[in-house]
Amino acid sequence: MLRKLIKHEFRATSRIMWPIFAGMLALTLVMRAAMYMTNRYWGGFDTARFFSTLYSLLFLAYIFGLAALCLAPLVLSAVRFRNHILRDEGYLTLTLPVSIHRLLLSKLIVSAVWYAAAFLVMALTMLVVSTTWSDLRTFPALFGDLFSAFSQLEDSLRSGAMLLILQIFLACVLGVIVSTLIVYAAYAVGYSFNRHKSAITAVLLLVFYQLVQIAGLRLTFDVADSERFSQAWSAHAAMSFAHSFFTMALVGELVSCAIFYLITWYFTTRKLNLE
Amino acid sequence: MSILECKALTKRYGGKTALDGVDLAVEPGRIVGLLGPNGSGKTTLIKLANGLLTPTSGEILIDGRAPSPETKAIVSYLPDRNALPEWMSVAQTVDYYADFYADFRRDAAQEMIARLGLDASGRVKALSKGTREKLQLVLVMSRAARLYLLDEPIGGVDPATRDYILRTIISNYNEDASVVISTHLIADVEQVLDEVIFLQNGRVERHTSVDAIRSETGKSVDELFREVFKC
């Protein structure tokens with residue numbers, strides 16, 4: 001059933017995400033073309049000014065597009081959760097022969113995939129914007145150098161670099177899941193009220209995010225104050241600090257996931273208030 | 001074993017009691033009218049049976065089990081509103097039901113959809129309110145479920161659509177299954193019912209067979225309903 005839930009979740013969300021990706025890539029290509037035209041003195045002064053203005057406008061749109069791309073998976077996930085579970089569609093969704101755990105898991109998996117896809121599209125657009133064909137030819141050598149530098153770092157830090165990359169990756173994945181669960185929890189609690197559902201949800205979102213940020217800052221200070229960090233600086237000391245920090249961050253994120261998951265589960269099962 | 005059973009079932013919303021110690025049992029193979037005025041607790045009872053609400057006290061059992069994914073697999077539920085995603089096409093709604101319900105009869109659904117003259121590639125959003133209700137009913141009745149819970153299936157539709165809905169229910173339900181129809185439009189459903197449950201202020205006022213009402217009181221269900229719920 002999880003596979004089927006994921007399939008239908010992708011079907012419901014891809015109709016929004018693919019056009020966003022396609023639009024962003026198209027905007028990037030048009031901006032790149034405008035950049036190319038601006039850098040060449042075709043025609044008279046007016047033509048150059050036209051392309052320069054066009055490029056400026058497209059660049060502004062591109063910056064907004066990047067921001068939209070960052071937010072799109074979270075916003076889509078929130079809207080989808082509200083519509084699919086807490087509004088009229090909930091009468092169908094919540095009477096499917098599946099547990100709420102599988103339902104939430106399918107949503108979290110699909111949301112994480114869209115975050116990854118958005119990241120890749122963002123990286124691709126930045127690559128298109130910032131490189132030329134001649135730059136691209138140097139990429140194999142660049143990646144070779146990076147790999148070689150990483151290998152040397154890995155040797156000198158006795159596998160510490162690889163572990164750190166793994167920790168950062170896991171922290172990003174869990175961070176995405178925590179953000180999504182915070183939104184789900186806020187909606188689940190907000191929609192359990194009979195009135196002012198949206199307003200309560202918005203307030204809860206702010207409160208939950210603030211709580212997580214305060215806990216995160218507290219964690220950072222605690223690790224920074226630890227004895228290990230007060231030692232004289234060295235590559236090993238910095239790596240040790242980074243490992244401690246990300247280990248604590250991962251534990252904190254796991255705890256946050258558990259808390260917001262339980263809130264979401266409780267309110268979508270015990271306190272469900274479909275209109 | 002009863003397909004639907006309530007034991008001292010109570011549901012409160014804050015200070016308001018929607019269901020108050022309801023005891024009832026529905027046996028397999030019966031078409032039951034869950035009748036009562038607005039606010040009598042019909043929808044609450046159906047929501048509880050579907051696991052959309054949790055009882056305050058008492059219990060509700062479907063085939064001897066509390067509502068769960070297992071009971072949802074044998075219950076076909078028609079809510080009192082359109083729950084089909086508006087962005088889906090008609091064909092996608094059929095795929096959705098076919099994917100999740102093992103007892104879904106795709107052929108029956110497609111035949112009924114064709115008879116309705118619906119374009120399979122058309123979006124739900126583009127359908128009229130009445131046609132959406134018909135589509136939803138077609139999907140619900142295309143399941144070979146053991147219990148059909150139909151919440152106000154004929155509320156707010158024209159007489160011709162009412163006839164279509166009742167015809168669809170009678171000609172498509174699994175005969176070993178039970179059908180619970182919640183409504184306050186008694187006259188329209190009376191001819192298809194085997195028994196009735198009168199709900200008033202969250203309590204079961206009467207649970208009896210339609211034949212017993214006719215033979216004992218000499219009245220139709222509609223006449224008795226008007227008498228019991230006289231304002």
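Some notes on this structure:
- Residues being part of a loop (DSSP other than H, G, I, E, B) and among the hydrophobic types (A, V, I, L, M, F, W, C) - total across the stretch B:1-18: 2
- The residue list B:SER182, B:SER178, B:SER215 contains one member that is open to solvent by 10 Å² or more (accessible area, probe 1.4 Å) and of a type in the set (Gly, Ala, Ser), which is B:SER215.
- Restricted to the stretch A:177-222, and to residues there that are among the aliphatic types (A, V, I, L, M) and open to solvent by less than 30 Å² (accessible area, probe 1.4 Å), the residue that is nearest to A:HIS84 (Cα to Cα) is A:ALA188.
- Test result for A:SER52, part of a helix (DSSP H, G or I), modelled with pLDDT of 90 or more and of a type in the set (Ser, Thr, Tyr): no
- Across the stretch A:1-43, the qualifying residues are those that are under 19 Å from A:PHE64 (Cβ atoms) and within 14 Å of chain B (Cβ to nearest Cβ), and the one among them that is surrounded by the most Cβ atoms within 10 Å (Cβ to Cβ) is A:MET17.
- Filtered residues of the stretch A:85-103 (kept if part of a helix (DSSP H, G or I), touching a residue at least 24 places away in the same chain (Cβ under 8 Å) and facing another protein chain (nearest Cβ under 8 Å)): A:GLY90, A:TYR91
- The set of residues from the stretch B:150-171 being under 11 Å from B:VAL138 (Cα atoms) and of a type in the set (A, V, I, L, M, F, W, C) comprises B:ILE165, B:ILE169.
Quick grid of which residues meet (1) over 30 Å from A:VAL98 (Cα atoms); (2) at pLDDT 90 or above:
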{"site": "A:VAL183", "(1), (2)": "no, yes"}
{"site": "A:ALA186", "(1), (2)": "no, yes"}
{"site": "A:ILE214", "(1), (2)": "yes, yes"}
{"site": "A:GLU227", "(1), (2)": "yes, no"}
{"site": "A:ALA238", "(1), (2)": "yes, no"}
{"site": "A:SER244", "(1), (2)": "yes, no"}
{"site": "A:GLU253", "(1), (2)": "no, yes"}
{"site": "A:SER256", "(1), (2)": "no, yes"}
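- Any hit, the stretch B:186-209, residues being among the hydroxyl-bearing types (Ser, Thr, Tyr) and over 21 Å from B:THR43 (Cα atoms): yes
- Sole residue being open to solvent by less than 70 Å² (accessible area, probe 1.4 Å), among the polar types (S, T, N, Q) and in contact with a Phe, Trp or Tyr (Cβ under 8 Å, 6 or more places away or on another chain), chosen from A:SER77, A:SER52, A:SER106, A:SER56: A:SER77
- Verdict on A:MET162 being in contact with a Cys (Cβ under 8 Å, 6 or more places away or on another chain) and within 28 Å of A:PHE246 (Cβ to Cβ): no
- Yes/no for B:GLU190 being out of contact with any strand residue (DSSP E or B) (no Cβ under 7 Å at 6 or more places or on another chain) and not in a loop (DSSP other than H, G, I, E, B): yes
- Within the stretch A:126-173, the residues that satisfy the criterion of being surrounded by 12 or more Cβ atoms within 10 Å (Cβ to Cβ), among the hydrophobic types (A, V, I, L, M, F, W, C) and at pLDDT below 75 are A:LEU153, A:LEU157.
- B:VAL157 vs. criteria open to solvent by less than 70 Å² (accessible area, probe 1.4 Å), aliphatic (A, V, I, L, M), within 27 Å of B:LYS129 (Cβ to Cβ) and outside any helix (DSSP H, G or I): yes
- Considering (1) more than 20 Å from B:ILE169 (Cβ to Cβ); (2) touching a residue at least 60 places away in the same chain (Cβ under 8 Å), the lone condition that B:GLU190 does not fulfil carries the number (1).
- Strands (runs of 3 or more DSSP E) contained entirely in the stretch B:19-133, each with at least 3 residues that are closer than 30 Å to B:LYS7 by Cα and within 11 Å of another protein chain (Cβ to nearest Cβ): B:75-78
The values are calculated or read from the model by the stated rules, or taken from the named source; none is laboratory data. This structure is a prediction, so every number in the text was calculated from the model and none was measured. All Cβ positions, even for glycine, are placed from backbone atoms using ideal geometry, and neighbour counts span all protein chains on display. SASA here: full protein model, heavy atoms, side chains in, ligands and nucleic acids out. Shrake-Rupley method; radii C 1.70, N 1.55, O 1.52, S 1.80 Å.
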